[in-house]
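The values are calculated or read from the model by the stated rules, or taken from the named source; none is laboratory data. Every value quoted in this text rests on a predicted model; they were computed, and no experiment measured them. A quick note on method: Cβ atoms are made from the backbone with ideal geometry, for glycine too, and the neighbour counts reach across all protein chains shown. With ligands, DNA and RNA removed, areas are computed over all heavy atoms of the protein, side chains included. Shrake-Rupley method; radii C 1.70, N 1.55, O 1.52, S 1.80 Å.
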Amino acid sequence: QFKIPSAAKESVDQMNFNSVCFTLQLFMRVVSSGYRPLMIFLDDLQWADGDGKCLDLIYSLLSDTAKGSCIFFVGSYRDNEINQEHAVFTLMAELDLCGVPSTTMRLAGLNECDLNAMLADSIRAFPRTTKSLSRIVYQKTNGNPYFVKAFLKSLVDRHILNYSLRERRWVWDLRRISSEDITTNVLYFLSQRMSALTESAQTALKVLSCFGIKVRKSIVSHLIATSRYPDFQAGLDDANEERLLEKSSLEYRFAHDRVREASHNIIPVDIRAQFHFDLGILLFSTTRGQELGEDAFAIADLINRGMQSPSSKLPAPNEDIADFFVLVATKALERADHVAGLSYLKLTRLFLPQDHWLNHYYLSIRLFCLLANAAYSCGRLDDANDAIQNVLKEGQSIEDKLDVYYVLVTLLMSSKRAEDAYSVCHEVLSQLDENIPASCDAQELAALLRKTNNVLNTMSDSELLGMKNMDSSDRLYSVLRFYSIMVVVAFFSKPQMMPFLTSRIVQISIAHGVCKHSVRGFVQYAAVLCSCKAMKDIPGACRIGRMAMAFAKQFNLSDPHIYYGYFGFVACHTEPLQACADMIRQGFIIGMQVGDISTAFFNAIQHIRTALIGGENLASLLKETDYYLKLTDLYAHTLPKQYLKIFRETISVLIDKGESTSSGEVMENPTTTNIANISEAAAFHKSIQSFWLGHAERCHHYTEKMLPLKNETGWLKGVIVLFYHGLNSFKLLKKSNTNRNRKISKNAITVLEAAAEHSKWNYQNKVQLLEAELLSFEGRKQQAQNSYTAAIEASRASKFIHEQGLACELAAFHYETCGNACKACDFFNQAKSCYNQWGSKMKVEFIDRQLARFQISSKSDS
């Protein structure tokens, strides 16, 4: 049995809620703007749930850090029903702290003057003649509009206020109105009024009040069909005539929420829960065997509410009711209403006998498998673990246990217990007759990859895409399902097993058909091919990656792992980096929407890295990074925050050396951390910063420090740092013309040429710029000039604005060395324009200083 840490239990529910908030923020950015603002009005905020989730959701929409939406929110509440501790006041205070202005308006009842004007207009009289009447009405109702209307109607009904045909005007008895014994409590007044109704009307009102503010006519039809309420229709008609109910073609609705509240108060408090329960059981018995649709939820809610009271007795076991609740819970879960689904499923257990595993096995399996999923989705990890252990203990076959095993693996991953999750996957697949070795050496894995690749190479694209779909009832479907999640688990716990696991997914899919669980395996297999030193097959890997994305589209699959794996580690070899960055950000959005927060943040890290390498505008990139950083605080994810803080420092340095864009937060030296990937990222960024700041020795130091740390999944970082290392080496050569320094540039050209074979868009400009610098250093001026021109044009064509500026800058220095000041100035000005577009104030100022040298020189010459 696996115990779940309390920290994980506390975080999952909040993560799911934050995913909902994130999705709604995206929606609001789409449907609203400064040109088309959106207004949201919520009434009765005094009823906001006790845990504050409703108002937390409002806060997340109004304080959206991306500032992409334009919302005007109006909320109303009854101030006589809340105190200063209510969440409404906390919401307003928090909005004020984050700079969202709010205005409080108190809407009191009608004042005496306005009430008199309304009354005079209603009875077609002069205002001066109704002052005495309106004064008394005001005293009785305190100006409450609904209360005023109800009070006047009661006066008319009792002929205390009536129209005189003889006088041809409305008349009233001030003495009798003054002596009316009423309270300012609207509920009490309505209850008094209802007590005068017929018994059938009172019955109809109290029955309908159990369903809420409105009731579908189909429910009413079921009630009329019972023998318990023979006069139900007549009671509805009476209540409708009294204007306590409003009737439409589809439903009955209470005229006001206070009317519904007063109707519910007709039911004595001590029997109220039992009344709900009996009404629900009555409807269940009446409708058994019918297709209920939405009515099933209404019936289940009645029984559920009847069981919530502490005084409620345990019901007698009833398999039919238990089966009904499992059906309703399934419908709720299909519409992603996990909270309601969990409530129904927990109630189902009360209707099962003690020996349910013996006599109702299949119903019990369905119940506990659904319960494990619903409880996990709601963050109730104790309930999820309890359901899992029940199935693992009582389940009669591995097939019956698969669903809860899958939940267990997900739950363990959420608890950051990847090794335990890997063990569970290994155990399940072993029971499904899969033989997974404890470990594989490099030669075995290379042989396995070659074997799998040979099979793939014999198939055309059309043959791959035309592979049959695997039936979900096939045993191998479950095998692929667990291999698919095992690949993710292995990425964190046993990365050396990735070649074996991904190859196995590909082999099964080719032999027996593809399904949605094949997709992740194909993507990760492509990533493995890109990184495997023994057989680096970039074209083959990219082909398999494209097939995987086609399968994802075919199965309508939204999986952030796929975006991270393909666009982060495969497509960067062949597709434009700018397009890859956009798709990786899409992976972040999908991860946030589906609640896979960890993978969402991996996409966020990869997005910023790829966008920075791709030359995205620095100001936009800084804004995006700050947005991600705020989300890491919100979700309490420390590791992604470490990466993003490193990225932010680099972007800030590139903009203005951090003078006005620094976060002000003192960072620990990340190059000294014991986390290898963080150290590598830190060294990579220090190398970039040093290069652009012109610190050649420092750039060389950090690059040499990073290269031994570089892992194969960091191929793109390695290629880019070699590019800068190669350019930087020419500065070192001017100081120390050593064989070691000469090898740096030649090695960089070799690596970049190999990369350019697969993507001229991404890497050809870099090769040409390295070659231009080498030719310039060797004194081959004309050839160097041709290469500079080619590098500038290739950078412009590929939209690497920063590298276009860099090529212009280096070309300017080359022409200055050749004594062509005019050309040098021209290229410096082109570089300045590019750096302006990139958003680097630091580089613009550097170029300005270079141009100033020529102006000073010109004055000296003259």
| query | Can you find a residue in the range 367-389 that is open to solvent by 20 Å² or more (accessible area, probe 1.4 Å), at pLDDT below 90 and among the aliphatic types (A, V, I, L, M)? | reply | no
| note | In the range 590-622, residues that are closer than 20 Å to Val409 by Cα, surrounded by fewer than 23 Cβ atoms within 10 Å (Cβ to Cβ) and small (Gly, Ala, Ser) total 2
| query | If you check every pair at least six apart or on different chains, which have Cβ atoms under 6 Å apart with a residue in the range 67-85 that is open to solvent by less than 80 Å² (accessible area, probe 1.4 Å) and basic (Lys, Arg) first and a residue that is at pLDDT below 80 and assigned to a loop (DSSP other than H, G, I, E, B) second? | reply | none
| Among the residues of the range 703-726, is there at least one that is closer than 21 Å to His607 by Cβ, charged (D, E, K, R) and outside any helix (DSSP H, G or I)? | yes
| said: For the condition in contact with a Ser or Thr (Cβ under 6 Å, 6 or more places away or on another chain), touching a residue at least 24 places away in the same chain (Cβ under 8 Å) and in a helix (DSSP H, G or I), what is the one hit in Glu399, Glu419? | reply: Glu419
| request: Would you check if Glu291 is more than 33 Å from the chain's Cα centre (by Cα) and part of a helix (DSSP H, G or I)? | output: no
| said: One residue is enough: does the range 151-170 have a residue meeting the conditions in contact with a Leu (Cβ under 9 Å, 6 or more places away or on another chain), at pLDDT 85 or above, aromatic (Phe, Trp, Tyr) and under 23 Å from Arg272 (Cβ atoms)? | reply: no
| task | Exactly one condition in (1) open to solvent by less than 70 Å² (accessible area, probe 1.4 Å); (2) outside any loop (DSSP other than H, G, I, E, B); (3) at pLDDT 85 or above is not met by Arg258; state its number. | result | (3)
| Among (1) at pLDDT below 90; (2) more than 28 Å from the chain's Cα centre (by Cα); (3) within 19 Å of Gly545 (Cα to Cα), the one test that Ala438 misses | (3)
| task | Only helices (runs of 4 or more DSSP H) wholly contained in the range 507-623 count here; list those with 3 or more residues that are in contact with a strand residue (DSSP E or B) (Cβ under 7 Å, 6 or more places away or on another chain) and modelled with pLDDT of 95 or more. | result | none
| message | Could you go through the range 68-79 and let me know if any residue there is in contact with a His (Cβ under 9 Å, 6 or more places away or on another chain) and of a type outside the set (D, E, K, R). | response | yes
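Quick check on Cys542: is it in contact (Cβ under 8 Å) with a residue 40 or more places away in the chain and over 13 Å from the mean Cα position of the chain (by Cα)? Explain how you work it out, then say what you get.
On the way: in contact (Cβ under 8 Å) with a residue 40 or more places away in the chain: yes; over 13 Å from the mean Cα position of the chain (by Cα): yes.
Criteria met by Cys542.
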| note | Residue pairs within 6 Å by beta carbon, gap of at least six or interchain, first lying in the range 789-803 and open to solvent by 10 Å² or more (accessible area, probe 1.4 Å), second aliphatic (A, V, I, L, M), listed first then second, are Ile792/Ala807
| Quick one: Leu752 ticks every box in (1) under 41 Å from the mean Cα position of the chain (by Cα); (2) farther than 26 Å from His700 by Cα bar one, so which box is it? | (2)
| query | Any residue in the range 140-157 that is more than 58 Å from the chain's Cα centre (by Cα) and either part of a loop (DSSP other than H, G, I, E, B) or not polar (S, T, N, Q) (or both)? | reply | no
| message | Would you confirm, using the coordinates I've provided, whether Arg288 is open to solvent by 70 Å² or more (accessible area, probe 1.4 Å), within 30 Å of His338 (Cα to Cα) and touching a helix residue (DSSP H, G or I) at 6+ places or on another chain (Cβ under 6 Å)? | response | no
